[in-house]
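Structure first, commentary second.
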Amino acid sequence: MKTFLLASLFAAISLYANSQTKGTNSVGFGVNLNNRDSEQPNSSDKQSSHQYLLNYGHFIKDNVKIGISGSYGRQKFESLNSYSLTSELYGGGLSYQKYYPLFKKLYAYAGANAGYQYSEEAYLNTPSAREIKTNIYTVGASGGVAIFLSKHLALEAHLLNASALYSKGKDVDNGAETTQQGFHLNSSGALNNFGFQIHFLF
């Protein structure tokens with residue numbers, strides 16, 4: 001009986017899996033929470049980070065989605081015998097994704113993205129407290145897999161992201177400026193660590 005019920009459920013889900021059609025909208029969410037405490041004989045460290053992502057996408061044609069996203073993050077590091085650091089991050093981005101059917105509800109996708117992130121870092125409990133503000137610009141490509149569980153629900157996992165970035169930071173206290181250019185290849189989302197997202201379709 002249980003086998004029959006499970007088979008019926010999967011059959012019902014597969015009937016409504018074609019939600020990536022032209023005109024479909026999606027709202028996606030991502031959350032990344034980390035907390036770590038480290039105890040050593042002469043030191044104690046605490047580190048926490050909280051990041052949140054919200055995005056909106058629209059299928060401009062079957063299996064092709066464009067999207068816009070916004071993110072917010074806050075990180076904090078405290079060391080008993082050293083400095084403490086707090087940082088806030090605000091970001092936004094544009095994306096283009098094309099989906100390729102693999103098996104029934106399972107799809108692979110590849111696409112391009114561009115993003116911007118602004119961060120403020122404050123170093124405390126140091127000989128000279130510092131505040132650093134940084135602007136980061138990225139362009140890149142990403143790929144992953146998606147499963148369309150039902151007409152209104154999908155899950156996406158970013159498996160690979162390659163991006164080029166340019167950043168410019170300014171030390172508020174002494175006016176010093178730093179710039180950085182680079183290329184990154186990793187297994188997380190662009191501008192963030194949102195490797196897994198939930199999408200509601202309508």
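Results for (1) open to solvent by 90 Å² or more (accessible area, probe 1.4 Å); (2) hydrophobic (A, V, I, L, M, F, W, C); (3) assigned to a strand (DSSP E or B); (4) modelled with pLDDT of 75 or more, shown as yes or no for each residue.
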residue	(1), (2), (3), (4)
VAL145	no, yes, yes, yes
ALA154	no, yes, yes, yes
GLY169	no, no, yes, yes
ASP173	yes, no, no, no
THR179	no, no, yes, yes
LEU191	no, yes, no, no
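Name the residue that is farthest from SER150 (Cα to Cα), counting only residues in the range 121-139 that are open to solvent by 30 Å² or more (accessible area, probe 1.4 Å) and modelled with pLDDT of 90 or more. Filtering the range 121-139 for residues that are open to solvent by 30 Å² or more (accessible area, probe 1.4 Å) and modelled with pLDDT of 90 or more, the one farthest from SER150 (Cα to Cα) comes out as ASN135.
Taking SER48 as the residue in question, decide whether it is surrounded by fewer than 17 Cβ atoms within 10 Å (Cβ to Cβ) and either out of contact with any Ser or Thr (no Cβ under 7 Å at 6 or more places or on another chain) or within 30 Å of LYS151 (Cβ to Cβ) (or both). Yes; evaluated as a whole, the condition is true for this residue. Checked against (1) at pLDDT below 80; (2) open to solvent by less than 40 Å² (accessible area, probe 1.4 Å), ASN25 meets all criteria but (1). When residues in the range 65-109 are screened for being of a type outside the set (Lys, Arg) and closer than 16 Å to HIS50 by Cα, 14 of them pass. Return the residues of the range 74-118 that are open to solvent by 50 Å² or more (accessible area, probe 1.4 Å) and among the polar types (S, T, N, Q); say none if nothing qualifies. GLN75, ASN81, SER82, listed by residue number.
The values are calculated or read from the model by the stated rules, or taken from the named source; none is laboratory data. Note that the structure is predicted; figures quoted are calculated from it, not measured. Cβ sites come from the backbone with ideal geometry, for glycine too, and all protein chains shown count toward neighbours. These accessible areas exclude ligands, DNA and RNA; they are computed on the full protein's heavy atoms, side chains included. Shrake-Rupley method; radii C 1.70, N 1.55, O 1.52, S 1.80 Å.
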